[in-house]
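Worksheet for the structure shown next.
The values are calculated or read from the model by the stated rules, or taken from the named source; none is laboratory data. Please read these numbers as outputs of a predicted model, since none were measured by experiment. Cβ: placed from backbone, ideal geometry, glycine included. Neighbour counts: every protein chain shown.
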Amino acid sequence: MSLVLDSVAAVKDRERQINLSDGMSRIVLRRSSTHPVEYAITLITRHDGRDHAVRTFDNAHDVEEHHEHRYIGIEKQPPSIVRGSVNEAMKRAETALLSHWRAYVDEWRQTIR
């Protein structure tokens, strides 16, 4: 029996949350601790008693292909894509979310009216 390692997805077994100042929003950072590193960093906000994804950054398809997804309501939109290192992409995503989370949440709220 042969094992194909490339088809096995890394488990995102490390998680960290950053609660944001509005008390309704948070950033959830999930990543694998093994290589190749897979990650998903999501801005989540609470609306009408439920959590909703607002924006997600990930490398779900390739370790060096980084996606940024907006949401319209509950619908995940096609990504903008950049290529590069995982560490740089994760840092860029976290910095963008920390700097612009209010604008991202406000933009998302406009899609649910």
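Numbers for the structure displayed
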read-out: Residue count for the stretch 23-74, restricted to those that are surrounded by fewer than 18 Cβ atoms within 10 Å (Cβ to Cβ), over 17 Å from Glu94 (Cα atoms) and touching a Lys or Arg at 6+ places or on another chain (Cβ under 8 Å); value: 3
read-out: Check on Arg92, in a helix (DSSP H, G or I) and under 24 Å from Arg109 (Cα atoms); value: yes
read-out: Flag if Arg46 is touching a residue at least 40 places away in the same chain (Cβ under 8 Å) and basic (Lys, Arg); value: no
read-out: Qualifying positions in the stretch 1-22 - surrounded by 11 or more Cβ atoms within 10 Å (Cβ to Cβ), at pLDDT 95 or above and assigned to a loop (DSSP other than H, G, I, E, B); value: Leu20, Asp22
